[in-house]
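Chemist: Handing you this structure, nothing more for now.
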Amino acid sequence: MHSNSSFQPLRRLVLAGLATLACGVAQAQGAAPVRILVGFPPGGGTDAIARILADKLKDQLGAPVLVENKAGAGGQIAAQALKTAAPDGQTFFLSHDHSISILPLVTKNPGFDPAVDFVPVAGFATFANALAVSGGTPAKSVAEYVRFVQGNGGKDTIGVPAPASIPEFMVGMIGAKYKLDVQAAPYRGSAPMMADMLGNQIKAGVASIPDFIENHKAGKVRIVAVIGDKRQTILPDVPTFAELGIAGLEELPYYGLFAPAGTPQPVLDRFSQALARVIAMPDVREQLTAMGLTVSYQPQAAFTARVKGYTQSWDRIIKSSGFTPK
């Protein structure tokens, strides 16, 4: 038999290991939470995406990751909150193109300048906006929707998730193409817009595929056209606007994360690398793809160039439309 004394070194080693583990857990539990700001209400596509990523990022960063909804004005409130946040790596903004690229082009005083106040961290997906009709209409295609509107005096109201957004410009393009008197009805995000579509208060809406996809799959709304230079893999039977003769909607919007200007580069790199690992996870890719996203990680330099180019493209389109910033 072994004496108790012979187990002492092993016992000390085990206890030291447990102490180290406990210390690590305590540090993780005591780490300051990371906030991911979202400019839209709970229940919409952007909110769902943020929660999928936050759930995985907490393990990669060793800290709680909280999604904070600051809804309103198409993400303007959340963007202003990012501007005033401390550049300490505790606050990030998960946004698509509207808040970063479009709002400053259509708003006289947005309260922030993305080129000065923010720094892109990384991109992780592109997506397509779409025209969808409610289950209360008989339409199963754009042509059938056009006939439906024509049969109702040639007028209709089409919901959009935010004022002066790309979906609102798309409503104008649809009206011009088919000579319809269609007006955009801006909402405070896609979730309330979707509620009105499901209740048949509005007959159509323009928003992102992630906003529509679950209700489309359930047969409660029907996606009838998408932007992009080719059809979306998740919707192979749905034509692009280009196929229908509406040009200028080929470039896909982006999703990415932004930090306050002045955030230290090592902090940005650490977060970007954590995001890359999360995006590479098969279950995350599967969830995001099922929502209608094309998942593709873009490191900081590439994403910064993407945001700049996209903003310049839409600056030209908005100016040529004659739109006056309000």
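Chemist: Out of all the residues in the range 278-296, which are in a helix (DSSP H, G or I), in contact (Cβ under 8 Å) with a residue 12 or more places away in the chain and out of contact with any Lys or Arg (no Cβ under 8 Å at 6 or more places or on another chain)?
Modeler: Matches in the range 278-296: Gln287, Leu288, Thr289, Ala290.
Chemist: Next up: Inside the range 204-239, can you point out the residues that are among the β-branched types (Val, Ile, Thr) and surrounded by fewer than 19 Cβ atoms within 10 Å (Cβ to Cβ)?
Modeler: Answer for the range 204-239, where residues must be among the β-branched types (Val, Ile, Thr) and surrounded by fewer than 19 Cβ atoms within 10 Å (Cβ to Cβ): just Thr233.
Chemist: Name every residue in the range 209-252 that is over 22 Å from His98 (Cα atoms), aliphatic (A, V, I, L, M) and under 20 Å from the mean Cα position of the chain (by Cα), in order of residue number.
Modeler: Within the range 209-252, Ile234, Leu235 qualify.
Chemist: Restricting to the range 128-143, count the residues that are farther than 21 Å from Gly248 by Cα and either among the basic types (Lys, Arg) or without any contact (Cβ under 8 Å) to a residue 40 or more places away in the chain (or both).
Modeler: 2
Chemist: Out of the range 224-252, which residues are hydroxyl-bearing (Ser, Thr, Tyr) and under 26 Å from Pro138 (Cβ atoms)?
Modeler: The one that is hydroxyl-bearing (Ser, Thr, Tyr) and under 26 Å from Pro138 (Cβ atoms): Thr240.
Chemist: Sticking with this structure for a sec: If Gly151 meets every condition in (1) within 27 Å of Gly322 (Cα to Cα); (2) over 27 Å from the mean Cα position of the chain (by Cα) apart from one, which number is that one?
Modeler: (1)
Chemist: Just checking: which of the strands (runs of 3 or more DSSP E) contained wholly in the range 173-267 hold 2 or more residues that are touching a residue at least 60 places away in the same chain (Cβ under 8 Å)?
Modeler: Of the strands (runs of 3 or more DSSP E) lying wholly inside the range 173-267, those with at least 2 residues that are touching a residue at least 60 places away in the same chain (Cβ under 8 Å) span 204-208, 221-226, 254-260.
Chemist: Take the conditions touching a Pro at 6+ places or on another chain (Cβ under 7 Å) and within 24 Å of Ala73 (Cβ to Cβ) and apply them to Val206. Does it pass?
Modeler: yes
Computed from the coordinates by the stated procedures, all read-outs in this text should not be read as laboratory data. All of these numbers come straight from a predicted model, not from anything done at the bench. Note that each Cβ is placed from the backbone with ideal geometry, even for glycine, and that neighbours are counted across all protein chains shown.
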